[in-house]
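Undergrad: Pasting a structure here, questions to come.
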């Protein structure tokens with residue numbers, strides 16, 4: 001693997017330290033990949049010419065400053081000089097944010113978000129902001145503002161969402177670390193449909209400037225070690241987040257992990273939502289056997305999520321998005337993705353009592369999830385009930401309104417605040433990736449990442465991605481020239 005854009009953080013840091021490679025050279029390699037892949041996969045937010053030029057100068061300066069620090073032996077740590085991306089809804093001072101929605105009024109933040117501040121303090125080089133669907137309310141890369149974000153594995157397929165661009169950028173090697181956000185599965189769903197390590201941290205572990213029930217930020221990477229080193233930086237404190245967990249020192253290393261003696265619950269039936277594809281379920285069952293072979297005590301557990309819980313959180317989110325929709329002028333409202341507009345308007349006749357009952361149901365989901373998993377160190381399950389679907393579909397079933405029928409495995413851990421990580425565990429016969437979710441006890445992000453790192457090391461070649469971006473960019477482009485339109 002000669003292209004340094006594909007290298008992991010440890011390899012890049014070692015090369016920077018020895019002087020055999022510089023951050024400036026790596027940034028150049030990443031930019032070459034962006035130029036090759038971006039016309040097809042559409043992972044990065046497009047800016048006007050002046051903003052693009054300013055941001056390019058900013059990243060070039062950051063790489064040059066990092067190179068000088070490494071030359072002097074004064075690096076800021078393992079992320080110094082590492083190319084990264086951040087999701088569009090993670091504020092960068094002076095960079096307009098629209099939440100993936102063509103109807104939203106651009107907001108230009110005056111200060112970086114905590115995630116961006118921590119990355120800059122660590123010396124990371126931000127190469128771009130990544131795309132998302134309208135207001136983050138789709139599990140795909142379909143956006144009224146950005147068009148369609150596509151999978152580097154196969155541009156005909158979805159990336160998942162709402163951290164769509166982050167996932168695509170990770171596979172295409174626009175750097176080693178890509179930070180997304182998740183409120184019901186938006187980090188982990190791109191994880192399973194793109195073969196990535198995608199870690200949803202414990203609620204409050206990574207400070208945010210706009211905290212919300214269940215909302216977290218976390219890394220999408222090609223390796224567990226990269227996700228762990230990202231967490232070591234992202235989890236540093238910031239007073240702006242009043243929901244943040246107390247600052248703590250943690251050993252984020254994952255290299256010597258073991259699962260021997262751990263109690264693992266194998267969760268194969270979500271209890272609500274879409275039925276699980278038997279081929280996807282089989283991958284999770286196989287992962288359970290891998291954990292058992294490593295000395296874990298594995299037992300199948302029964303579902304605790306109910307159809308009413310899943311319907312209630314869907315209703316709660318509809319009304320939340322309806323509140324955003326109703327602030328728009330009629331003209332701007334018409335620019336919102338029609339699917340999202342129709343979905344939000346489905347909450348228009350909801351009473352205040354119904355909203356409160358839905359909220360109470362979400363709290364019941366939280367309590368039920370903690371209770372059902374309390375006896376186990378880890379829970380292993382599918383991430384999604386199906387594999388990747390066509391890129392043009394806003395949801396796994398297309399244009400129909402099925403609510404949130406696809407997040408039965410992911411949303412319980414969002415609401416309970418427990419850490420959960422997707423890691424590739426197999427491929428379908430047609431080559432589509434299938435991840436498993438490894439969730440842990442409340443606040444045990446390190447334990448989850450160590451278990452995922454262990455699994456990554458023993459899963460075997462048949463479950464290990466050979467990234468499509470490992471090929472030379474020109475070779476990938478030559479074999480992926482579908483006639484695609486980015487209009488929604």
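Undergrad: Please give, to one decimal in nm, the separation of the simple spin-label points placed at residue 10 and residue 359, each 7 Å out from Cα toward the Cβ.
TA: 4.6
Undergrad: Could you tell me which of rounded, prolate or oblate describes the stretch 307-417, using a ≥ b ≥ c as the square roots of the eigenvalues of the alpha-carbon gyration tensor, with rounded for a/c under 1.5 and, failing that, prolate when a/b is larger than b/c and oblate otherwise?
TA: In terms of gyration-tensor shape, oblate.
Undergrad: While we're on this one: So if R0 is 51 Å, what FRET efficiency would residue 28 and residue 249 give, r being the distance between their Cβ atoms, rounded to the nearest 0.05?
TA: E between residue 28 and residue 249, to the nearest 0.05, is 0.90.
Undergrad: Nearest-5 percent of antiparallel DSSP beta bridges in the chain?
TA: Taking every DSSP beta bridge with both residues in the chain, the antiparallel ones total about 65 percent.
Undergrad: If you take the square roots of the eigenvalues of the alpha-carbon gyration tensor of the stretch 1-80 and sort them as a ≥ b ≥ c, do you get rounded (a/c under 1.5), prolate (a/b over b/c) or oblate?
TA: The shape class here is oblate.
Undergrad: Right, here's the next one. Quick one: 178, 406, fewest Cβ neighbours within 10 Å first, how do they rank?
TA: By the 10 Å Cβ count, ascending, the order reads 406, 178.
Undergrad: Separate question: What order do you get for 212, 359, 376, 174 when you list them from fewest to most C-beta neighbours inside 10 Å? Don't skip to the end; give the middle numbers.
TA: Numbers: 212 11, 359 15, 376 22, 174 28.
Going from sparsest to densest Cβ surroundings: 212, 359, 376, 174.
Undergrad: Let me ask something additional. Tell me, in nm to one decimal, what length is gained between residue 52 and residue 2 on full extension, where the rule is 0.36 nm per residue of separation less the Cα-Cα distance?
TA: Net length gain for the segment: 15.2 nm.
Undergrad: Return the Rg/Rh value of the stretch 331-371, two decimal places, where both radii are evaluated on C-alpha atoms and Rh is the Kirkwood radius.
TA: In the stretch 331-371, Rg relative to Rh is 1.20.
Undergrad: To continue, here is another question. When 111, 69 are ordered from fewest to most other Cβ atoms inside 10 Å of their Cβ, what list results?
TA: Final ranking by Cβ density, sparse to dense: 111, 69.
Undergrad: So if we plug the beta-carbon distance of residue 61 and residue 258 into 1/(1 + (r/R0)^6) with R0 = 56 Å, what FRET efficiency do we get, rounded to 0.05?
TA: The formula returns an efficiency of 0.80 here.
Undergrad: At 0.36 nm per residue, minus the direct Cα-Cα distance, what do residue 479 and residue 300 gain on full extension? Give it in nm, one decimal, please.
TA: 60.2 nm
Undergrad: Below 8 Å between Cα atoms, with a sequence gap of 6+, how large is the relative contact order for the chain in percent?
TA: Once divided by the residue count of the chain, the mean separation gives 18 percent.
Undergrad: So, one more: Per DSSP helix of 4 or more residues, -39500 (n - 2.57); summed, then divided by the residues of the chain. What does that give at 222 nm, rounded to the nearest 500? Don't jump to the answer; show the numbers that get you there.
TA: On the way: 15 runs with 183 residues, N = 488.
Helices in the chain give a 222 nm mean residue ellipticity of -11500 deg cm²/dmol.
Undergrad: Sticking with this one: What do you get when you divide the Cα radius of gyration of the stretch 1-146 by 2.2 N^0.38 Å, with N the number of residues? The partial results should precede the final answer.
TA: Working: Rg = 15.9 Å, N = 146, 2.2 N^0.38 = 14.6 Å.
Against the compact-globule rule of thumb, the ratio is 1.09.
Undergrad: What is the distance in Å between the Cα centres of the stretch 114-189 and the stretch 259-328?
TA: Here the two parts' Cα centres lie 22 Å apart.
Undergrad: Among 256-264, 280-288, how do they line up from the highest to the lowest mean number of other beta-carbon atoms within 10 Å?
TA: Most protected by this proxy first, the peptides run 280-288, 256-264.
Undergrad: At 7 Å along the Cα-to-beta-carbon direction for both residue 236 and residue 400, put a label point, then send me their distance in nm to one decimal.
TA: Taking the simple label geometry, residue 236 and residue 400 are separated by 4.9 nm.
Undergrad: Using a/c under 1.5 as the rounded threshold, could you call the stretch 186-324 rounded, prolate or oblate? The axes a ≥ b ≥ c are square roots of the C-alpha gyration tensor eigenvalues, and prolate needs a/b larger than b/c, oblate otherwise.
TA: oblate
Here, each number is a calculation from the coordinates, and none is a lab measurement. Note that the coordinates shown come from a computational prediction; the quantities given were computed from them, not determined experimentally. As a convention, Cβ positions derive from the backbone with ideal geometry for all residues, glycine included, and neighbour counts pool all protein chains shown.
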